[in-house]
Amino acid sequence: MNTMNQAPASVKTLSDFAPLADYSLLDTLTPNPEAKLDGVDHSPRQVFSGHYVPVNPTPLKDPHYIAHSQTFFGELGFDDSLAHAEDFIRMFSGDLSDVPQPLRKIGWATGYALSIYGTEYYQQCPFQTGNGYGDGRAVSILEAKINGKRWEMQLKGGGKTPYCRGADGRAVLRSSIREFLAQEHMHALGVPTSRSLSLYTSKTEKVKRPWFNQGSYSRDPEVMIEEDVAITTRVASSFLRVGQIELFGRRARKNEHPNALEELEQIVLHLIDREYSEVIDQKLPLEEKVLLLATQFRSRLTSLVTNWIRVGYCQGNFNSDNCAAGGFTLDYGPFGFIDMFDPKYQPWTGGGVHFSFLNQPQAAQRNFHMFCSALKPLIESNSNVLDRLDEIENGFLELMQAKMEKMWADKLGLSVFDPVLFKELVVLMMQTHVDYTIFFRELSYLPQEISPLLKSFYDETFLDNKLLENWSQWLEKWRSLIDVTTPESREKLSEQMKRINPKYTLREWFLVPAYQQATTGDYTLIKELQEVMTHPYDEQSSEIEEKYYREKPAHFFDIAGISHISCSS
């Protein structure tokens, strides 16, 4: 490996950081021919070809530090003091004008297609052609190889790009705090995800956004409010999306320009290099690479969605453009962690049942279908290879089901999934209005009778004798299927289940007070949530348990901005 990419023992300055830069996307893919080389390209326009547009981020006015991920800084070898350094703050709040070489002074944005639950859409871009849809306020500013691993760093809320569709390119403080905390929480939960590096706000810059009145039950925003802006730096191995591959697949399928098929091949090979190089040999023929790519992505995507459901996470807006082609969680827009168990739980008012909690496997299958369709122009001359790709695609739901059953068995501490026991449990959980996280965590302590489980029951009016009897019978049946014959086996199983079933999840009603405090310059709750939610499986202090291991208060149910949110951010 190039010694220039070996991180020093501790990266303390931006000058220490700079030699780690390695811009694979810019150096191997094609810029949009109509792009401006100086990166001053901030007005909406159609982007007909090329893999990216060079664009300068728009710096925050009077940037101010809120937080950084100490965990992630440690993994990267960054000293915590770096997050407070003036030149680091400038760079990661959008000012690239004075970065040390070989860091580059221009960032980039990428286009992608939109499909919703397996249906292609074009009307959502300003030109109704699909050529104006892409990174509207996310600007990548760096790729770096750090200790042998490649990371891309992207400013969420980094200002206008050609894909901004007439918006201001900013993210508000509220949504930036959510994404900053959620990414590191998901990593701590063991769910593949983009990561959080830093969070900066502006002391003076504000924007207006539609939102809800205080205490409203409305499903739609009612007022325009003025909000602080912020930039969170999200980091991933790449930000290549299914929608991005889909864009180039559509262009190749329609032969939209002379280089359309070549650009599709380039972006697919780049995806393999960025995300799958350890499992796909670069010497293989293209057709074999395509089949292996589909197989590997299928494996990652089914595992990812299984993990989402394991920890009670709902993506909310699982379009193809919000589906990372590397198989990890990306774009924390209208996401939510479930409180009361409901298979149709959906935190986003615009999401519908198709992106609801237990429909996420089907939504993932639709995105995988779009991914496979995008690959087909590369192999359409070989009917045998096309058939093999169809077989891979058709095996998605069977693989998904197998992983889901294994996950449910693990959550229940069973060696083998029991469909009858599981079906009975789902019925009881819905009848009793059970808190999803608390129930499975309490079950992990292997209760001998139902009293400990009552902590997870929301509606005590349903606790009639018949229902209690049904719960007791279910618990007795469950205990007959687990291994608790000795103190050692009991302890082993309990610890095993507690590593599957988190004690703490980042519920929206925890976040709202943190947003509200932050608007006054008080970041205490953000730091507290950082600490709690990066140790989600641990037993923490009695004060933390009392505060964060409890049911959602009744007065928060159905309240706009807490129980449901819009896509306004």
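Values quoted throughout were computed directly from the atomic coordinates according to the rules given, and no laboratory measurement underlies them. The shown structure was predicted, so the numbers you read here are calculated from the model rather than taken from an experiment. Heads up, the Cβs are rebuilt from the backbone with ideal geometry, glycines too, and the neighbour counts pull from every protein chain shown.
By the count of neighbouring beta-carbon atoms within 10 Å, fewest first, 175, 10, 373, 381 end up ordered 381, 10, 373, 175.
If only the Cβ of Lys and Arg carry +1 and only the Cβ of Asp and Glu carry -1, the dipole of segment 3-240 around its Cα centre is close to 340 debye. When peptides 72-83, 88-99 are ranked by their average number of other Cβ atoms within 10 Å per residue, the highest-first order is 88-99, 72-83. Quick check: the angle from helix 242-254's long axis to the longest principal axis of the chain, C-alpha only, nearest 10 degrees? That helix lies at roughly 50 degrees to the long axis.
Distance between the pseudo-spin-label points of residue 495 and residue 423 (7 Å out from Cα toward the beta carbon): 3.7 nm. A straight line joining the Cα centroids of segment 329-399 and segment 92-162 runs 23 Å. Distance between the 7 Å Cα→Cβ label points at residue 254 and residue 86: 5.1 nm. Backbone phi angles across segment 287-299, fed through the Karplus curve with coefficients 6.51, -1.76 and 1.60 (θ = phi - 60°), yield HN-Hα couplings of 4, 5, 4, 4, 5, 5, 4, 4, 5, 5, 5, 4, 5 Hz in residue order; Gly and Pro are listed as x. Between residue 48 and residue 277, the contour length at 0.36 nm per residue exceeds the alpha carbon distance by 79.5 nm. The order of the peptides 309-317, 349-357 by mean Cβ neighbours within 10 Å, most packed first, is 309-317, 349-357. In the chain, the longest principal axis of the Cα atoms and the axis of helix 487-498 are about 40 degrees apart.
Note on residue 128 and residue 26: the extension gain reaches 33.9 nm, defined as 0.36 nm multiplied by sequence separation minus the Cα-Cα distance.
Apply the Debye scattering formula to segment 3-240, with a single equal point scatterer on each alpha-carbon and no solvent, then give log10 I(q)/I(0) at q = 0.07, 0.16 Å⁻¹. Once normalised to I(0) and log-transformed, intensities are -0.23, -1.22.
Helical runs assigned H by DSSP (4 residues or longer) give the chain a calculated mean residue ellipticity at 222 nm of -12000 deg cm²/dmol, each run adding -39500 (n - 2.57) before division by the residue total. Along each principal axis, taking the top coordinate minus the bottom one, the Cα set of segment 356-513 gives 65, 43, 30 Å in descending order.
The modelled label-to-label distance for the pair residue 101/residue 531, using points 7 Å beyond Cα in the direction of Cβ, is 4.5 nm. Backbone phi angles across segment 46-52, fed through the Karplus curve with coefficients 6.51, -1.76 and 1.60 (θ = phi - 60°), yield HN-Hα couplings of 7, 10, 8, 7, x, 8, 7 Hz in residue order; Gly and Pro are listed as x. Around the amide H of residue 329, modelled in the peptide plane, lie the amide H atoms of 193, 194, all under 5 Å away and 5 or more residues distant in sequence or on another chain. Charging the Cβ of each Asp and Glu at -1 and of each Lys and Arg at +1, and nothing else, the dipole of the chain about its Cα centre rounds to 700 debye. Across the chain, the fraction of Cα-Cα pairs farther apart than 32 Å, rounded to a whole number, is 47%.
Using a 10 Å cut-off around each Cβ, can you sort 549, 537, 217 from fewest to most neighbouring Cβ atoms?
So the ranking, lowest neighbour count to highest, is 217, 537, 549.
Full extension of the segment from residue 401 to residue 488, taken as 0.36 nm per residue of separation minus the current Cα-Cα distance, would add 28.1 nm. Peptide packing: for 553-559, 150-156, the average count of neighbouring Cβ atoms within 10 Å per residue gives the ranking 150-156, 553-559, highest mean first. Annotation: amide H-H contacts under 5 Å for residue 116 (H modelled 1.01 Å from N, sequence separation of 5 or more, or interchain): 121. Backbone phi angles across segment 94-99, fed through the Karplus curve with coefficients 6.51, -1.76 and 1.60 (θ = phi - 60°), yield HN-Hα couplings of x, 9, 9, 5, 10, 6 Hz in residue order; Gly and Pro are listed as x. Could you give the angle, 0 to 90 degrees to the nearest 10, between helix 383-394's Cα long axis and the longest principal axis of the Cα atoms of the chain? Rounded to the nearest ten degrees, it is 40.
Counting every alpha-carbon pair across segment 414-498, the share separated by more than 15 Å comes to 58%.
Which FRET efficiency, nearest 0.05, do residue 217 and residue 542 yield, Cβ-Cβ r, R0 41 Å?
Between residue 217 and residue 542 the formula returns 0.75.
The largest-to-smallest principal axis extents of the Cα set in segment 331-407 are 50, 28, 18 Å. When each of 185, 68 is scored by the number of other beta-carbon atoms lying within 10 Å, the sequence from fewest to most is 68, 185.
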